[in-house]
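The values are calculated or read from the model by the stated rules, or taken from the named source; none is laboratory data. Treat the numbers as computed from the prediction; the structure is a model and nothing was measured. Neighbour counts run over all protein chains shown; Cβ positions are idealised from the backbone, glycine included.
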Amino acid sequence: MARRLRLFKEQMTKAGVSPSMWSTRDDHFDLEHLEVKLEELEAELLEINANNEKLQHTYNELLEYKLVLEKVGELFSSAKNKAVAHQKELEFQTTVEGSIDSPLLLEQEETTTKQIKLGFIGGLVHREKSIPFERIIFRAARGNLFLKQGVIEHPVLDPLSGEMVHKNVFVVFYSGERVKSKILKICDAFGANRYAFSNDSSKQFQTIREVSGRISELKATIDAALIHRSTLLQTIGYHHGQWRLLIHKVLQRATMDCSSQVVAIFQVLETTESPPTYFCTNKFTSSFQEIVDAYGIAKYQEANPGVYTVVTFPFLFAVMFGDWGHGICLLLAALYLMIRERKFASQKLGDIMEMAFGGRYIIMMMALFSIYTGDASTTGFIKVRSTYPFGVDPKCHGTRSELPFLNSLKMKMSILLGVSQMNLGIIMSYFNAKYFKNNINIWYQFVPQIIFLNSLFGYLSLLIIIKWSTGSQADLYHLMIYTFLSPTDDLGENQLFVGQKLLQLVLLLLAVVAVPWMLLPKPFLLKKQHQERHQGQSYDLLCGTDDTLESESQSIAHDHDEFDFSEVFVHQLIHTIEFVLGAVSNTASSLRFLAHSELSSVFYDKVLLLAWGYNNTIVLIIGIFVFICATVGVLLLMESPSAFLHALRLHWVEYQNKFYEGDGYKFFPFSFTLLTDEDEL
Amino acid sequence: MGFLVTTLIFVVIGIIACLCTRICCNRGPSTNLFHLTLVITATICCWMMWAIVYLAQMKPLIVPILNEGE
């Protein structure tokens with residue numbers, strides 16, 4: 001019904017009838033009657049349109065016919081007059097010359113005999129096609145014909161296309177049926193309309209009168225039909241608005257009842273693939289994100305380690321580099337790169353320079369933290385209190401006890417920072433598991449990992465702090481070793497606080513329990529989860545070792561599941577071993593914090609002060625030069641990348657390894673240019 | 001006692017830094033949360049660095065030996 005309304009609207013627009021603005025309140029209409037009425041009106045309108053088209057076509061044809069008759073009549077009259085004049089001239093010559101022209105007269109008689117057999121075709125052809133039309137006809141008949149054309153001054157309405165076209169009237173005289181068929185084909189090809197007429201003048205006039213009469217009749221009929229059509233359309237327009245409103249309401253109600261999305265124009269394609277990952281970064285954070293992405297691209301919606309890396313990476317570098325003087329050098333280099341940022345961004349840099357420019361913000365952060373850690377751990381202020389308030393006591397410098405003290409300090413500092421970093425990583429794994437609603441990973445991955453790490457190395461950190469606070473002389477090294485070797489022996493002089501023995505026993509037991517806690521439950525729970533999902537059962541969280549035995553019996557019964565249990569078990573075994581051994585080796589690898597400052601002291605003491613001691617200008621200049629070369633060449637250009645790589649490893653192994661899967665892929669917008677490049681590859 | 005006082009100083013500096021970051025670089029809730037995380041992490045790292053060195057020197061077992069020889 002909506003389609004019919006649109007048809008009516010279109011017809012009214014063509015006829016120039018506008019639908020009425022106000023709609024009649026006619027509540028008696030219901031949909032069935034409306035549909036019947038619209039159907040009837042549509043049929044009537046279509047019939048009227050068809051009849052009008054036929055009448056118009058016939059009318060146009062008759063108009064052309066009339067034009068052809070008029071023009072051809074003129075042509076024939078003109079030709080006749082010329083023939084008469086020509087004949088008179090010939091008779092005059094015959095009379096004058098007498099018997100000499102007898103052969104000419106005979107020849108003329110023969111010509112007259114031939115003319116009786118000629119045929120002719122008349123019609124209309126497009127003016128722009130008239131010249132090629134004439135040329136082709138001459139070629140087809142090999143010149144054995146006569147063609148005459150006349151121009152019609154005003155445009156003619158074409159019966160076929162209904163447009164006003166400029167046309168010519170033509171008459172073709174020919175001999176023979178074969179030529180006639182050729183001419184007919186050429187007329188069809190050029191779209192020329194042909195009309196029959198007689199060569200008798202009186203008959204021509206009679207035909208013109210008949211055609212004129214028919215034209216007048218058709219004109220009256222067409223006018224009557226148009227009036228009828230206009231009346232019908234006005235009637236439709238009177239009700240059109242109301243009908244449209246009614247149908248629109250019904251469609252809306254149907255849409256609501258069916259709950260279908262009629263207006264939806266797009267379709268969501270379901271896929272089981274994981275979406276790509278995209279992190280929004282700016283020029284400051286993009287380089288830190290690159291460090292993280294070098295390890296692996298995050299899985300979709302996985303926690304991004306790049307957030308903390310912005311601070312922790314430069315900090316760990318600074319702990320190793322830890323020199324305020326060289327920190328200032330790094331800061332100046334970074335500031336230079338930042339000031340020339342716009343210029344360098346548009347230039348083509350070398351490999352090393354490109355990398356340095358890309359990481360200019362990392363260099364700046366590393367420099368700032370280096371200056372801070374250098375102050376915090378090396379130089380200081382005048383001693384005014386019992387404990388030095390900031391940094392290391394300068395009295396310690398140059399004494400025999402400097403090296404043991406600093407080594408002890410940095411070793412313990414490494415353990416504290418390393419354990420803190422690993423704990424941060426494990427806490428991140430908790431947030432990951434919580435976000436993905438993975439209870440298995442919370443209770444059988446996060447919890448035992450926290451217990452294991454802090455039972456052993458967290459406890460070691462606690463012992464370090466207690467030893468510093470109380471000034472105890474306990475040997476932590478022996479203490480940790482004998483906790484494992486002989487946990488029930490007396491602590492002796494290594495005791496730090498009351499109840500330490502019992503606490504160590506409890507912590508040791510917790511660490512021992514945590515390992516199978518990590519290893520065993522997760523594969524069985526995953527297997528059970530798979531079975532329940534396969535059988536459509538609801539999931540219940542298992543707890544306790546009795547259920548583990550039950551799972552084992554089930555695993556024997558269902559040995560050929562799609563779920564590959566042995567693979568999952570081996571994966572979990574590898575993961576558990578990696579964590580346990582990793583906790584030990586990662587703590588040891590934190591000792592790489594000890595780097596750099598020893599080297600700096602060596603250069604300072606052995607080169608510069610030694611040169612100063614000789615009290616010679618030339619030797620002093622040479623010493624300063626060597627010191628500068630050593631500072632720039634070794635400490636800045638070689639030691640900085642070394643500390644950088646150590647910090648990188650600490651981040652990847654100690655921090656990201658604890659929670660980061662990194663098995664996603666990066667988001668790239670679709671581009672045809674990339675397709676072309678791929679095709680070339 | 002010096003330990004607690006300086007720790008309090010670090011906390012105050014951290015809070016002031018958070019407020020300054022919020023005021024100066026206000027760019028939507030997500031970015032503000034990011035900045036807050038960075039400031040807190042930096043404050044904790046700096047405090048940890050200071051605290052370790054300070055604790056190590058509270059009661060040193062290895063004291064500076066001004067005279068040559070053990």
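Taking into account only those residues within region B:19-59 that are β-branched (Val, Ile, Thr) and at the interface with chain A (Cβ under 7 Å from one of its Cβ atoms), which is farthest from residue A:311 (Cα to Cα)? So, considering only residues that are β-branched (Val, Ile, Thr) and at the interface with chain A (Cβ under 7 Å from one of its Cβ atoms), the one farthest from residue A:311 (Cα to Cα) is B:53.
Among the residues of region A:291-322, the one identified as more than 14 Å from chain B (Cβ to nearest Cβ) and under 23 Å from residue A:636 (Cα atoms) is A:291.
Count of region A:119-143 residues, restricted to those that are outside any helix (DSSP H, G or I), at pLDDT 70 or above and exposed (fewer than 15 other Cβ atoms within 10 Å of the Cβ), is 1. Within region A:300-339, the set of residues being outside any helix (DSSP H, G or I) and either modelled with pLDDT of 80 or more or in contact with a helix residue (DSSP H, G or I) (Cβ under 9 Å, 6 or more places away or on another chain) (or both) comprises A:301, A:302, A:303, A:304, A:305, A:322, A:323. Determine, yes or no, whether residue B:26 is in contact with a helix residue (DSSP H, G or I) (Cβ under 8 Å, 6 or more places away or on another chain) and in a loop (DSSP other than H, G, I, E, B). Yes; evaluated as a whole, the condition is true for this residue.
Among the residues in region A:373-390, are any modelled with pLDDT of 70 or more and more than 14 Å from every other protein chain (Cβ to nearest Cβ)? No, there is no match, as no residue in region A:373-390 is modelled with pLDDT of 70 or more and more than 14 Å from every other protein chain (Cβ to nearest Cβ).
Per the listing B:18, B:45, B:24, the residue uniquely exposed (fewer than 13 other Cβ atoms within 10 Å of the Cβ), closer than 28 Å to residue A:281 by Cα and at pLDDT 80 or above is B:24. Might you check whether a residue that is part of a loop (DSSP other than H, G, I, E, B), over 30 Å from residue A:49 (Cβ atoms) and modelled with pLDDT under 70 occurs anywhere in region A:157-172? Checked against the condition, which is being part of a loop (DSSP other than H, G, I, E, B), over 30 Å from residue A:49 (Cβ atoms) and modelled with pLDDT under 70, region A:157-172 yields no hits at all.
The conditions of being at pLDDT below 75, surrounded by fewer than 19 Cβ atoms within 10 Å (Cβ to Cβ) and closer than 30 Å to residue A:275 by Cβ are met by residue A:663.
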